[in-house]
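The values are calculated or read from the model by the stated rules, or taken from the named source; none is laboratory data. Nothing here was measured: the structure is a model prediction, and the numbers come from that model. A quick note on method: Cβ atoms are made from the backbone with ideal geometry, for glycine too, and the neighbour counts reach across all protein chains shown. SASA here: full protein model, heavy atoms, side chains in, ligands and nucleic acids out. Shrake-Rupley method; radii C 1.70, N 1.55, O 1.52, S 1.80 Å.
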Amino acid sequence: MSTHSEGEISRILYELGEDREQSYGAVAPAIVQSSNFSFPTTDRLREAFRNEHSTYIYSRGINPTVDILRKKLAALDGAEDALIFNSGAAAIFAGVLSQVKTGDHVLSVKKPYSWAQKIFDEILPRFGVTTTYVDGRNTENFANALRPETSLIYLESPNSWDFSIQDLRAVAALARGKGITTLCDNSYATPLRQRPIEMGIDLVLQSATKYIGGHSDVVAGVLCGQRERIQKIFRSEYMGIGSGIQPFNAWLLIRGLRTLPMRLERSERSASEIVEFLRSRPEVESVLYPFDPSFPQLPLAKKQMSGAGGLLTFIFKPTQVESIERFCDRLKHILIAVSWGSYESLVIPRCSTFPRSTYDANNPDHRMVRLYVGLEEPSFLIEDLRQAFAN
Ligand SMILES: *Cc1c(COP(=O)(O)O)cnc(C)c1O
C-alpha cells in the first residue's frame, strides 16, 4: 500500500501546474479554447517544432489547459508524465498499440474491460499479434504463459465486475529484465487508492470518466508512465490517433479533481454500510467488495490498495431472471445505467448483458448485480434497496 502525504495531495490538486499570474490572477484556470498558437518569427516556430512535446503549437498535441491536468494526473500516479485522452478506451488503444508489432504476443488478465478485449480479439490479430488470457489471481499463470515473443502484459486490478486482483509487484518483477512492458488499468482504485507505478508497473491507465470527472458529464482517459516512454507515445500514437482531450473537458476534470478525495471517502464509507445491509438480506447469496472481510483476496487487496471506493457486486441466491430484473426495475432513486464513480448511485445487473433466454440460474455470474454507491445519504440508498427487495 502506498499513499501520498495529505499535504502532497493538496499541493497536486489545488496548486500544481497552475500559474495564476498568467491569467489575471483568476482562481479557476483559464480554458484556452484555441486550436492553434502563433509565433512572432519563423525561427521561433522552427524552435517550437523541435520541442513539440512541450510547446503549444496545435491543440491536437499540447494545450495549456490540458497541460495543467496532465501535470496533476502524472503527479497523482507518481509518474513522470501523462497523456490525457478523449476516452479511457483511447488511452487503452494507444497504450497497447505502442507496445506491440507483428509477431508479438500479449499476455492479458482474463476478462479485461470489454473494449480492451475487443482490441486483443479483433483488431490486433489483423496485424499478426496474438493474445493469451490467464487467471491473474495466481502470478504463476503469467510465468507459465510467457513466450519469447511476449512484449506486453496487460493487467486490470481490481477487475470492474468481480474485483479479482493481480499481485502487481510480483507481475512487474516477472516482466522486468525480459523487455516486457506491463500496463495496468487502474480505473477501479484511482491513484488515490492504488499506485501501480510505485510497484514497478511501466504504464498505468484509467478511465477519467469515472471518479476523476465525478459528475457524469465528461468522457476521458489517462495514460501515465516514465517520461521517455510517454514522449514516444505522444510523438506516435497520441498524435496519430488524434484523440487527445479537448480544453473544456480538461477543465471539467480539473474541477472534478478538487473534490476527488472527499467524494471517494464518502462513497467508500457508504459502500461499507451498504455491504452490511446487503449481507443481512435473505435474497443475497454473497457480496463482493475488495476490503470486505469475506473477500477471497483481502490480504493482497490491503497490501496494494489503501481503500476500495464505492463499487461493489452482490450475487442473488439462485432465482429466476425475472426477480433480478424486478428488483432493479423497482429502484426509485438508484439509476439503471453503465459507468460509475460519479455523484449518483447506479445499478447494472449482469443479466442485462446477454439474452434472457440464455440465463442460467445455476451460474452465479448470471446472478450478479453491480452497484455503485454514490454521494447520496446512505440511509436514502438503503431505503431504496429495501423497498426494491420487498416482495
Ligand atoms: C469505463 C472503463 C474503461 C473505458 O473508459 P471510457 O472512458 O469509457 O472510454 C476502461 N476500463 C475500465 C475498467 C472501465 O470501467
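Just checking, does the range 96-106 include any residue being open to solvent by 10 Å² or more (accessible area, probe 1.4 Å), part of a helix (DSSP H, G or I) and within 11 Å of the ligand (Cβ to nearest atom)?
no
Please find, among K332, K303, the residue that is touching a residue at least 40 places away in the same chain (Cβ under 8 Å) and part of a loop (DSSP other than H, G, I, E, B).
Among K332, K303, only K332 is touching a residue at least 40 places away in the same chain (Cβ under 8 Å) and part of a loop (DSSP other than H, G, I, E, B).
I want to confirm something. Restricting to the range 268-300 and keeping residues that are open to solvent by 70 Å² or more (accessible area, probe 1.4 Å) and in a helix (DSSP H, G or I), which single residue is nearest to C184 (Cα to Cα)?
Result: P299.
Here's the yes/no breakdown for (1) open to solvent by 70 Å² or more (accessible area, probe 1.4 Å); (2) farther than 21 Å from A75 by Cβ; (3) hydroxyl-bearing (S, T, Y):
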{"position": "G7", "(1), (2), (3)": "no, no, no"}
{"position": "S10", "(1), (2), (3)": "no, no, yes"}
{"position": "E15", "(1), (2), (3)": "yes, no, no"}
{"position": "D19", "(1), (2), (3)": "yes, no, no"}
{"position": "G25", "(1), (2), (3)": "no, yes, no"}
{"position": "Q33", "(1), (2), (3)": "yes, yes, no"}
{"position": "N36", "(1), (2), (3)": "yes, yes, no"}
{"position": "T42", "(1), (2), (3)": "yes, yes, yes"}
{"position": "A48", "(1), (2), (3)": "no, yes, no"}
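Determine, yes or no, whether P158 is touching a residue at least 40 places away in the same chain (Cβ under 8 Å) and either under 28 Å from L260 (Cβ atoms) or away from the ligand (no atom under 16 Å from the Cβ) (or both).
yes
Residue check: is R263 of a type in the set (K, R) and either within 30 Å of R70 (Cβ to Cβ) or in a helix (DSSP H, G or I) (or both)?
For R263, the condition - of a type in the set (K, R) and either within 30 Å of R70 (Cβ to Cβ) or in a helix (DSSP H, G or I) (or both) - is met.
With (1) more than 13 Å from the ligand (Cβ to nearest atom); (2) touching a strand residue (DSSP E or B) at 6+ places or on another chain (Cβ under 7 Å); (3) of a type outside the set (A, V, I, L, M, F, W, C) as the list, and R176 as the residue in question, which single condition is left unmet?
Only one criterion in (1) more than 13 Å from the ligand (Cβ to nearest atom); (2) touching a strand residue (DSSP E or B) at 6+ places or on another chain (Cβ under 7 Å); (3) of a type outside the set (A, V, I, L, M, F, W, C) is unmet by R176, namely (2).
Among the candidates R169, R195, single out the residue that is touching a strand residue (DSSP E or B) at 6+ places or on another chain (Cβ under 9 Å), of a type in the set (D, E, K, R) and over 21 Å from W251 (Cβ atoms). Break it down into steps so the answer makes sense when it comes.
Values: R169 fails: touching a strand residue (DSSP E or B) at 6+ places or on another chain (Cβ under 9 Å).
Only one candidate passes the filter, namely R195.
Given the residues E228, E268, which is the only one that is more than 29 Å from R50 (Cβ to Cβ) and of a type outside the set (K, R)?
From the options E228, E268, the qualifying one is E268.
Only one of R147, R137 is farther than 29 Å from S286 by Cβ, touching a residue at least 24 places away in the same chain (Cβ under 8 Å), away from the ligand (no atom under 16 Å from the Cβ) and open to solvent by 30 Å² or more (accessible area, probe 1.4 Å); which?
R147
Could you say whether any residue in the range 50-63 is in a helix (DSSP H, G or I), in contact (Cβ under 8 Å) with a residue 24 or more places away in the chain and surrounded by fewer than 16 Cβ atoms within 10 Å (Cβ to Cβ)?
No, the range 50-63 contains no residue that is in a helix (DSSP H, G or I), in contact (Cβ under 8 Å) with a residue 24 or more places away in the chain and surrounded by fewer than 16 Cβ atoms within 10 Å (Cβ to Cβ).
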